[in-house]
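Q: Please find one structure pasted underneath; my questions will follow.
The values are calculated or read from the model by the stated rules, or taken from the named source; none is laboratory data. Since this is a predicted model, take the numbers as computed values, not measurements. Heads up, the Cβs are rebuilt from the backbone with ideal geometry, glycines too, and the neighbour counts pull from every protein chain shown. Side chains included, ligands, DNA and RNA excluded: accessible areas come from the protein's heavy atoms. Shrake-Rupley method; radii C 1.70, N 1.55, O 1.52, S 1.80 Å.
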Amino acid sequence: MIGIAQAFAPTYARARTQFLEAAATASLPIESHRHPLPGREGEDLAMDVVRDGPPDADKLLIVSSGCHGVEGHCGSGVQVFALHDQEWRDKAHAQGVAVLYIHALNPHGFSHIRRATHENVDLNRNFHDFSQPLPVNTAYREVAPLLLPDAWPPQADNVRDVQAWIAGHGAAAWQAAITRGQHEFAGGLFYGGTAPTWSNRTLRAVLRQHGSRASRVGWIDLHTGLGPSGLGERIHCGPDDAAAVQRARQWWAGGGATPVTSLHDGSSSSAFLTGLMWTAIGDECPQAEFTGMTMEYGTQPLEDVLQALRAEHWLHLHPEAPAAQAAQIKTQMLAAFYTDSDAWKGQVISQARQSMFQAVQGLRD
């Protein structure tokens, strides 16, 4: 076994090394899909894939990390711990469930302490049929001039205007306007893109390869940045379908002890979103019954997280910023999505581990 704290890493480069070492220690094959650009330290970047279980398994559980780059510190820790956890591995094997670990869906954002991909796209807003008209976020048009001022920190007039908008519309409307995704402002926040990203295309290939033989697929996608610190909100990922929601709640709600929320009924801390990653399962593995869940761990108050996102995005648009300011902004960004404390890491592992055991039981039943 590895210690809980030791499963987490302070950089992408270290996280990747620990993931590959854990797979090698478990004698599992590794597939590495190399990213075209280098990392922040000049390191190679890749979406790394490890399958623990036979290729023809009828039941498949996906555990993925790093959809939103910097959030990968959390998910990688879960995956590394799981690969060292013999009790967990024995349980999955005994139930005939193959486990597919997808490490660093967005390795560029992970390495560069960004949420977006190298195309400046929010990967979890990028799964659309781009031959069709894209959703229009009219509220983002309103707030776009406020989000990324010319100077950072924001001057008094920007602070005043932001506060006035929130006072007039409410904090929930501010969150929704910013985070639900938009396809008009390519240099803006939560940009969903106008074409599939590298990560989108690569993930689809992985799903086709590993999911085509499974009749039942579960997916736990690990995220951070919303909710109370250390609490893993279990958010249903799937269609607005009563049977799918019921399955997710049967698997993960723990009889009400660990409620499963949903974007569809407004019970989630997340705004309603489109272009979500889970939709790729229906495209690439149409034969499979799918049950999915996002585990969303809280870190800091939402207003602090949004401010960190604004600052980091401002820095992305202003690479000429002084080195000290750039370092401060990146430190702020990392802290908004990764709490480097033993207590927080313990909460992350215990809740993720519970949800993985529950998923295996659900797939078996």
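Each row is one residue, and each column tells you yes or no for (1) in contact with a strand residue (DSSP E or B) (Cβ under 9 Å, 6 or more places away or on another chain); (2) small (Gly, Ala, Ser); (3) farther than 30 Å from residue 167 by Cα.
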position: 217; (1), (2), (3): yes, no, yes
position: 221; (1), (2), (3): yes, no, yes
position: 226; (1), (2), (3): yes, no, no
position: 270; (1), (2), (3): yes, yes, no
position: 281; (1), (2), (3): yes, no, yes
position: 292; (1), (2), (3): yes, yes, yes
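Q: Hey, which of the strands (runs of 3 or more DSSP E) in region 5-81, taking only ones fully inside, have at least 1 residues that are more than 24 Å from residue 124 (Cβ to Cβ) and in contact (Cβ under 8 Å) with a residue 40 or more places away in the chain?
A: On the way: elements: 30-34, 46-52, 59-64.
Per the criteria, 46-52, 59-64.
Q: Also, quick follow-up: Can you name every residue in region 214-264 that is under 16 Å from residue 60 (Cβ atoms) and either open to solvent by 30 Å² or more (accessible area, probe 1.4 Å) or among the hydroxyl-bearing types (Ser, Thr, Tyr) (or both)?
A: Residues satisfying the conditions are 215, 216, 247.
Q: Quick check: anything in region 60-75 open to solvent by 10 Å² or more (accessible area, probe 1.4 Å) and at pLDDT 95 or above? Explain how you work it out, then say what you get.
A: Going through region 60-75, the residues open to solvent by 10 Å² or more (accessible area, probe 1.4 Å) turn out to be none.
Taking every residue of region 60-75 in turn, none turns out to be open to solvent by 10 Å² or more (accessible area, probe 1.4 Å) and at pLDDT 95 or above.
Q: Next question, about the same structure. Looking at 202, 194, 224, which one is of a type in the set (S, T, N, Q) and in a loop (DSSP other than H, G, I, E, B)? Step through it out loud before you land on a result.
A: On the way: 202 fails: in a loop (DSSP other than H, G, I, E, B); 224 fails: in a loop (DSSP other than H, G, I, E, B).
Going through 202, 194, 224 in turn, just one is of a type in the set (S, T, N, Q) and in a loop (DSSP other than H, G, I, E, B): 194.
Q: I want to confirm something. Restricting to region 279-295 and keeping residues that are open to solvent by less than 20 Å² (accessible area, probe 1.4 Å) and not small (Gly, Ala, Ser), which single residue is nearest to residue 363 (Cα to Cα)?
A: 291
Q: Which of the residues that make up region 76-99 are open to solvent by 10 Å² or more (accessible area, probe 1.4 Å), farther than 17 Å from residue 219 by Cβ and not aliphatic (A, V, I, L, M)?
A: Those that are open to solvent by 10 Å² or more (accessible area, probe 1.4 Å), farther than 17 Å from residue 219 by Cβ and not aliphatic (A, V, I, L, M): 81, 84, 86, 87, 89, 90, 91, 93, 96.
Q: Turning to a different aspect of this structure: May I ask you to list pairs of residues, at least six apart or on different chains, whose Cβ atoms are under 9 Å apart, with the first in region 138-157 being free of Cβ contacts under 8 Å to residues at least 24 places away in the same chain and the second being open to solvent by less than 30 Å² (accessible area, probe 1.4 Å) and part of a loop (DSSP other than H, G, I, E, B)?
A: Listed by first residue and then by second, the contacts come to 146/154; 155/149; 157/149.
Q: What single numbered condition from (1) touching a Cys at 6+ places or on another chain (Cβ under 8 Å); (2) in a strand (DSSP E or B) fails to hold for residue 277?
A: (2)
Q: Pairs please, first residue from region 300-324 and free of Cβ contacts under 8 Å to residues at least 60 places away in the same chain, second anywhere and open to solvent by 40 Å² or more (accessible area, probe 1.4 Å), Cβ atoms under 7 Å, 6+ apart in sequence or on different chains.
A: The qualifying pairs are 308/332.
Q: I'd like the residue in region 100-138 that is over 25 Å from residue 174 (Cα atoms) and in contact with a Gly (Cβ under 6 Å, 6 or more places away or on another chain) and, out of all such residues, is surrounded by the most Cβ atoms within 10 Å (Cβ to Cβ).
A: Applying the first criterion (over 25 Å from residue 174 (Cα atoms)) to region 100-138 yields 100-108, 110-112, 118, 129-132.
Now narrow it down to the ones that are in contact with a Gly (Cβ under 6 Å, 6 or more places away or on another chain): 104-106, 110-111.
Working: 104: 30, 105: 27, 106: 33, 110: 31, 111: 29.
Only one residue tops the list, namely 106.
Q: Tell me, please, whether a residue that is surrounded by 15 or more Cβ atoms within 10 Å (Cβ to Cβ) and part of a loop (DSSP other than H, G, I, E, B) can be found in region 160-180.
A: yes
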